[in-house]
Amino acid sequence: MSAAAVTSPTAFAWRRALRNRSAVGAAAVIVVVALAAIFAPWIAPHAVDDTDLLRRLQPPAWMDGGEWAFPLGCDGLGRDILSRLIFGARVSISIGLLVVALAVGIGTIAGLTAGYLRGTADTLLSRLAEILLAFPYLIFAVGLMAMTGPGLHNLVLALVYREWVVSFRVVRGETLAAREIEYVEAARALGASRLHIMTREILPNILSPILVVGTVRMATVIMLEASLSFLGLGVQSPTASWGAMVADGRDFLLDAWWVSTIPGLAILALVLSINVASQGFRDAFDPRMRT
Amino acid sequence: MPIARFVERILHLIPVLAGVSVIVFLMISLTPGDPVEIMLGDQRATPEQVASMRRDMGLDRPAVERYFVFVTNAIRGDFGQSFFHRRPVSAVISERLPATIELTVAAMLIAIGLAIPLGVLAAVRRDTILDRIATVGSLFGVSLPGFWFGILLILFFAVQLQILPVAGRLGYAMEVPAVTGFALVDSLIAGRMDSFWEVLRHLALPAFTLGLPSAAILMRVTRSAMIEVLRADYITFAEAKGLSRARIIGLHALKNALIPAVSVAALETGTLLGGNMVVETVFGWPGLGRLVVESIFARNYPLVQAAVLLYAVTYVALNFAADLLYTVLNPRVRL
């Protein structure tokens, strides 16, 4: 038997993921942003809310009037854009991770319950999902934020309330398929409890699609956070958020293009990287994509 | 489609819409603080005046009763008074709605116009440099933050090249009498081609900004549907019969490849409704999206509530239309 034949499917998938060069490059970008977010207070050259009106709208270092102490220039209040960008990464990454983790957690529990138990639980949960899906995502989040007020806590809740439905539908579908397969029937015949079957038999076997959904949805959540912060409904100043930074720069478009352009570029780079990496991840891990 | 199935689908919408109305009603209940105090803002009022306002707004009644009043009024199109405009919410919304519809339709046309030819081309020339460019382009399309991309377009086309206007819908000098509320139609009715052209120029950037992410998604759908169709036996048969490649693609393959694209387009129109808020804010487009954002900051809750309900109902209707279209176009699928 050849060595390849005994490789585990997960190891095989990882190997395939690592061969996808653009996915690896994209993953590297995500890692850099995540590291910047974690170590923000140590690597940011200036404090996040350090204002200096003398440096108001100072251009980036490579332009006339710029200096390397403020490499990406300063905003309308004379705050260092690079430092705010580094602290803003904290908001994007932490909201992305928190919302997706909570939503996938809730969606998985609800999906397993609905898909395995069927009956009333399934009807109720599926109906609720259908009702929540009737709202365009941004409208739902805007509506909730409008009523509950801006802030990190409300923002996470507003996104989770709608986001869990996505993983719920995936997990429910996978569970419905899994419950008919022999290994589940065997566990049932051996007298395993429902909880045991759901958590020990089905869950480990549907982890791949759950992880794939999680990574794909991260991009959507980060984009939504940025959009809400841009509209002034997300994270509030002085906390730096990339979406709010783009909004702040709108007033200076004619004199200082960099104030809006640079944070927007950061959002594009992060969301694009997550999309590329998750596509590579999906191709490598989703069993249905295997040949 | 059999009528019975159609009716069944329609009936299925009722619990969904009822659930939507409950959620929109609950959103208002989540508002911290007393709605009367919020409405009064900094104005001073005696406790008697506050009590009388609470009575007028029905806030002294139980929640279930208030919900039924809300739904009954909503069905009749009565969403109460807009705090800010001091006019009925429905009147304010219907004034702003045409601008939003105009923008959404323009965005969808741009999306379809870009996505279908590119998707077909990418599928026909699969694994070539053209296919790769289209695929990478679509990844960029879905990853671009609309609010930022709009700003870049303004910087380039309006500020740098000065060939398109920065914001708004129509200059004062170009105003035409509002008949339908749709500026393009109204300028045609007024016989003002200069205004018509001006509206188009104002529409170009916001419609492109709004339509690009949908174009990216539609392109992917068209590409993969076309690739699948081109593998089908009847295409091989058509090739064997000696039909020209152009005829096979344009006539036989495209028709079937468009089925998923059409229903995705209907779904995407719903997504554009959400995007409208951001794009209208960036471009100062006087539509419903911008009104909602303004209303949030003015704490004009009845308007926000009505708009969220309207968006959701429209989204449900579009989803239904997408399902229906899919069934009509593809007889193999049953609802």
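Every number here is computed from the coordinates shown, using simple stated rules; none is lab data. Quantities reported herein were computed from a predicted structural model and do not represent experimental measurements. Ideal geometry is used to build each Cβ from the backbone, glycine not excepted, and the neighbour counts take in all protein chains shown.
With N set to the residue count of segment A:53-208, report its C-alpha Rg divided by 2.2 N^0.38 Å to two decimal places.
1.57
Within chain B, which DSSP H helices have Cα atoms that stretch 27 Å or more along the helix axis and a mean Kyte-Doolittle hydropathy of at least 1.6?
B:3-30, B:89-124
Evaluate Rg over Rh across segment B:89-329, taking Cα atoms for both radii and Kirkwood's formula for Rh.
Here the Rg-to-Rh quotient is 1.04.
Check each of the trypsin sites (Lys or Arg not before Pro) in segment B:44-115 and keep only those in coil by DSSP with at most 13 other C-beta atoms within 10 angstrom; list them in order.
Answer in residue order: B:Arg44, B:Arg76, B:Arg86.
Considering the options A:Val171, A:Ser278, A:Ala141, tell which one lies farthest towards the positive end of the dipole of the protein assembly as shown, charges being +1 on Lys and Arg and -1 on Asp and Glu at the Cβ, about the Cα centre.
The Cα lying farthest towards the positive end belongs to A:Val171.
Please report the relative contact order for segment B:182-335, taking Cα pairs under 8 Å with a sequence separation of at least 6, and give it as a percent rounded to a whole number.
Reported as a whole number, the value is 21 percent.
Provide, in order from the shortest bin, the percent of all Cα-Cα pairs of segment A:174-218 in each 5 Å bin, continuing until the bin that contains the maximum pair distance.
Here the calculated profile for segment A:174-218 is 5, 23, 29, 19, 11, 8, 4, 2.
Given labels modelled 7 Å from the Cα in the Cβ direction, how far is it in nm from A:Ser94 to B:Thr72?
Roughly 4.9 nm, to one decimal.
What number, in percent, do you get for the relative contact order of chain A if the mean sequence gap of Cα pairs under 8 Å and at least 6 apart is divided by its residue count?
25
Using the count of nearby Cβ atoms within 10 Å as a rough guide to exposure, how do B:Leu153, B:Leu309 rank from fewest to most?
B:Leu153, B:Leu309
Over its Cα atoms, what ratio of radius of gyration to 2.2 N^0.38 Å does chain A give?
That works out to 1.19 for chain A.
Please report, in debye to the nearest 20, how large the charge dipole of segment B:89-329 is about its Cα centre when each Lys and Arg carries +1 at its beta carbon and each Asp and Glu carries -1 there.
For this selection, approximately 600 debye.
For every helix of n ≥ 4 consecutive DSSP H residues, a contribution of -39,500 (n - 2.57) applies; sum these over chain B, divide by its total residues, and give [θ] at 222 nm rounded to the nearest 500 deg cm²/dmol.
After summing the helix terms and dividing by residue count, I get -24000 deg cm²/dmol.
Pop out the Kirkwood hydrodynamic radius of the protein assembly as shown from its pairwise C-alpha distances, inverse of mean 1/r, in Å to one decimal.
26.9
Normalising by the residue count of chain B, find the relative contact order in percent from Cα pairs under 8 Å and 6+ residues apart.
Worked out over chain B, it gives 25 percent.
Among rounded, prolate and oblate, which fits segment B:195-312 when a ≥ b ≥ c are the square roots of the eigenvalues of its C-alpha gyration tensor, a/c under 1.5 means rounded, and a/b larger than b/c means prolate?
prolate
Going out from 0 in 5 Å bins, what whole percent of all Cα-Cα distances in segment A:66-113 drops into each bin?
The percentages, shortest bin first, are 5, 19, 15, 12, 10, 9, 8, 7, 6, 5, 3, 1.
As a footprinting exposure proxy, order B:Lys241, B:Lys255 by other Cβ within 10 Å, with the fewest listed first.
B:Lys241, B:Lys255
Mind jotting down the distance between the C-alpha centroids of segment A:57-127 and segment A:220-260, whole Å?
Here the two parts' Cα centres lie 13 Å apart.
Could you pull out every whole DSSP H run in chain A that spans at least 30 Å of Cα extent along its own axis and averages 0.5 or higher on the Kyte-Doolittle scale?
Span-like helices here: A:81-117, A:152-178, A:207-230, A:258-285.
Add -39500 (n - 2.57) for each DSSP H run of 4 or more in chain A, then divide by its residues: what number comes out at 222 nm, to the nearest 500 deg cm²/dmol?
That calculation yields -22000 deg cm²/dmol at 222 nm.
Where does the Debye-calculated log10 I(q)/I(0) of segment A:158-291 sit at q = 0.15 Å⁻¹, using only Cα point scatterers of equal weight, no solvent?
-0.83
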